[in-house]
Amino acid sequence: MARKTRTIEEVFDDLTDEQVDEAELITFSVRGVDYEFDLSAASAKRFDDALAPFIEAAREVPRKKPARGSKKPARVRSNEPALIRKWAKEHGHKVAPRGRIDDDIVAAYHKAQKGSAAPATAGEKPAGAAS
C-alpha cells in the first residue's frame, strides 16, 4: 500500500477573511513599524484608494542600498576548525574546544595564512608562529 501526502494551500483575504483564488501580498510601514497582509484584488483596490490622498501628499523615500563592503562571515572549510583552534591558542586567542569559532578569529587565521604558500597542517606550526 502506498501513502501519498497532499498539501492543500488555501488563500484568504486578510481583510475580509474570505477564501480567494489569488491574493496580493501588500507590505507597508507606518511610524517605523512594518506590516504586511494578503489581499484579494478588490481589497487591494480599497487599500490603494484609501491611501491615494496620503501617497499623493507624501515624498517617496529611496530604498537603502546595502553598505559597501559589508562584512560577511569568514567561511570555514570542513578540515580547518582544528587548525584554526590550534593556531588561535598558539596566538593567545580564547577559543572553545568545540562549536562555532568566532568570525574575527577565523578572519585572523586566514589573514595569517595568506603569507604562507599553503595552510598549516595538523603537525605544522602556522605561518608566523614562533619556533
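So the values come out like this:
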{"item": "Residues of the range 21-46 that turn out to be in contact (Cβ under 8 Å) with a residue 24 or more places away in the chain and either loosely packed, with under 10 Cβ neighbours inside 10 Å or not small (Gly, Ala, Ser) (or both), as a count", "result": "3"}
{"item": "Any hit, the range 85-103, residues being touching a helix residue (DSSP H, G or I) at 6+ places or on another chain (Cβ under 7 Å), modelled with pLDDT of 80 or more and not aliphatic (A, V, I, L, M)", "result": "yes"}
{"item": "Test for ALA107: is it of a type outside the set (Lys, Arg), modelled with pLDDT of 75 or more, out of contact with any strand residue (DSSP E or B) (no Cβ under 9 Å at 6 or more places or on another chain) and open to solvent by less than 60 Å² (accessible area, probe 1.4 Å)", "result": "yes"}
{"item": "Every residue from the range 1-14 that is open to solvent by 100 Å² or more (accessible area, probe 1.4 Å) and either among the polar types (S, T, N, Q) or within 30 Å of the chain's Cα centre (by Cα) (or both)", "result": "THR5, THR7, ILE8, GLU9, GLU10"}
{"item": "Residue satisfying condition, being surrounded by 16 or more Cβ atoms within 10 Å (Cβ to Cβ) and modelled with pLDDT under 90, within set GLU80, GLU60", "result": "GLU80"}
{"item": "Subset tally (residues that are within 14 Å of GLU80 (Cβ to Cβ) and either among the acidic types (Asp, Glu) or open to solvent by less than 60 Å² (accessible area, probe 1.4 Å) (or both)) for the range 91-101", "result": "2"}
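The values are calculated or read from the model by the stated rules, or taken from the named source; none is laboratory data. Being a predicted model, the structure only gives us computed values, none of them experimental. Cβ: placed from backbone, ideal geometry, glycine included. Neighbour counts: every protein chain shown. Keep in mind that these areas ignore ligands, DNA and RNA; they rest on the heavy atoms of the full protein, side chains included. Shrake-Rupley method; radii C 1.70, N 1.55, O 1.52, S 1.80 Å.
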